[in-house]
Amino acid sequence: MERAELTELLRTWKPPAGLNRAWPREVQLKGTGIFLMVMAFLLVTGGLVLGVWLQSVARRDAERLRLLTHDGAGAQATITRLWQTRDDNDSVHWVAFEFPVSGGIQTRRTKVKNSVWKSLTEGGTAPVRYLPSDPSISYLSGSEPKPMPVWAIWLIGASLAFPGGLLLPLAVRRERKLLSEGRAAPGVVTRLSPTFALGLVRHPEAVCFQ
């Protein structure tokens, strides 16, 4: 039955208006397509900006660690407070401490690993290393700063830029190519099922069924 219907359809069928001319045909972006292209631009730009910013932060941290290693001084810090906070359902361990420097007291607080946090007690002491020229730059023993590696920085930036730079434009390009260069053909509906069509591109004169 379906073959007979298709044979009859082939005998009488004519292409819809707008799809009966030579290709490539002129097509236009719809609102959704324009939105995705704007999002692609923002994602690529955001990925690059994020990568540059993270690299500057990593360089700053590496320079601080270098200064602390070569020019830093040691002292005994007094632990004044220990507490925890929640971040995305994970515990963040905090310690507040103070240490003498240049006849005064420097007060600091920082995040530490769980193992370091458990080894500390309020009122107890712990070794601290600080930069004499800027005592606010310091770290407790066991919680030395570790600058983010370069590969991780650009991996984070690429994970943001990749969808915008490739995946979104590819989706628009595929629909543009289909509507611009696709050929109309008759067909017989054999089954109906839910589907999803982006509808990113439109032909100004044609109505297309997907």
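Being at pLDDT below 85 and not polar (S, T, N, Q) is a property that does not hold for Asp71.
If you go through segment 27-39 and keep only what is among the β-branched types (Val, Ile, Thr) and either part of a helix (DSSP H, G or I) or open to solvent by 60 Å² or more (accessible area, probe 1.4 Å) (or both), you end up with Thr32, Ile34, Val38.
For (1) part of a strand (DSSP E or B); (2) open to solvent by less than 70 Å² (accessible area, probe 1.4 Å); (3) not aromatic (Phe, Trp, Tyr), each residue gets a yes or a no:
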{"residue": "Val57", "(1), (2), (3)": "no, yes, yes"}
{"residue": "Ile79", "(1), (2), (3)": "yes, yes, yes"}
{"residue": "Ser91", "(1), (2), (3)": "yes, yes, yes"}
{"residue": "Arg109", "(1), (2), (3)": "yes, no, yes"}
{"residue": "Thr121", "(1), (2), (3)": "no, no, yes"}
{"residue": "Pro135", "(1), (2), (3)": "yes, yes, yes"}
{"residue": "Ile156", "(1), (2), (3)": "no, yes, yes"}
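For Trp154, the conditions (1) in contact (Cβ under 8 Å) with a residue 40 or more places away in the chain; (2) within 34 Å of the chain's Cα centre (by Cα); (3) on the phi > 0 side of the Ramachandran plot are fulfilled apart from (3).
Phe97 falls short on exactly one of the conditions (1) in a strand (DSSP E or B); (2) closer than 30 Å to Leu170 by Cα, and that condition is (2). Picking from residues in segment 40-55 that are hydrophobic (A, V, I, L, M, F, W, C) and under 13 Å from the mean Cα position of the chain (by Cα), the one that is least open to solvent (accessible area, probe 1.4 Å) is Ala40. Return yes or no: is Pro147 under 23 Å from Arg64 (Cα atoms) and assigned to a loop (DSSP other than H, G, I, E, B)? Judged against the criteria, Pro147 is a match.
The values are calculated or read from the model by the stated rules, or taken from the named source; none is laboratory data. In this text, all values refer to a predicted model and were calculated from it rather than measured experimentally. Cβ: placed from backbone, ideal geometry, glycine included. Neighbour counts: every protein chain shown. Surface accessibility is based on the protein's heavy atoms, side chains included, excluding ligands, DNA and RNA. Shrake-Rupley method; radii C 1.70, N 1.55, O 1.52, S 1.80 Å.
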